[in-house]
Amino acid sequence: MKIMILERPGDEVAEISDRLSGLGHDVRHIPAVGRAMNLARVDPPDLLISALFPESEGVGGESGLSVAMAAQFHNPSLVTILLSDSLIFSQGELFSMLGSLRCVMRRPAKVDDLIEISEHFLGHGPVNCAPSANGPDICGHCLLTDICTRAARARAAAGEGREASRRESNAA
């Protein structure tokens, strides 16, 4: 599978690139929006891992969304994973605006998590994704890792426990 990583250079990006290459993927690290846009038009990836603002340390500058939209146009089965410095960008409007978006993760992403999520989506194809109300780092439907599944179950159990305590208090 062809993977494009749109992010400024760094140790995490190099490790992600090396590990995905080691799994047999054709990985291209492109640190600039303009170059990534050109590549997305002529040779769109199967998976795009993009920082929301890849050329800056935080919010501002050229957005990776334009690259995602171009790549999605040229490859309708594209899967996009977005990395963001701000949790404000992990809500539903991005998911509704960008059909290829499957996950918004905090930047910098943990390498193991990003590899696991990437492999999941490359292996399972498109799914009906939605942002999670309980955590912006993972899709509300996917619960990709055992850790995430356990965390979701723990949140549900804690909520049920609080509800039972509230009913007991009201009954007394």
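The values are calculated or read from the model by the stated rules, or taken from the named source; none is laboratory data. Note that this is a predicted model, so its numbers are computed, not measured. Cβ: placed from backbone, ideal geometry, glycine included. Neighbour counts: every protein chain shown.
Which one of these is under 15 Å from residue 1 (Cα atoms), among the small types (Gly, Ala, Ser), modelled with pLDDT of 80 or more and surrounded by 14 or more Cβ atoms within 10 Å (Cβ to Cβ): 50, 118?
Details: 50 fails: under 15 Å from residue 1 (Cα atoms).
Of the residues listed, the single one that is under 15 Å from residue 1 (Cα atoms), among the small types (Gly, Ala, Ser), modelled with pLDDT of 80 or more and surrounded by 14 or more Cβ atoms within 10 Å (Cβ to Cβ) is 118.
Determine, yes or no, whether residue 37 is modelled with pLDDT of 90 or more and surrounded by fewer than 22 Cβ atoms within 10 Å (Cβ to Cβ).
When the stated conditions are applied, residue 37 passes them.
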(message) Where the second residue is part of a helix (DSSP H, G or I) and buried (at least 17 other Cβ atoms within 10 Å of the Cβ) and the first is at pLDDT below 85 and of a type outside the set (D, E, K, R) and lies in segment 70-92, which pairs have Cβ atoms under 7 Å and are six or more apart or on separate chains?
(response) 84/90
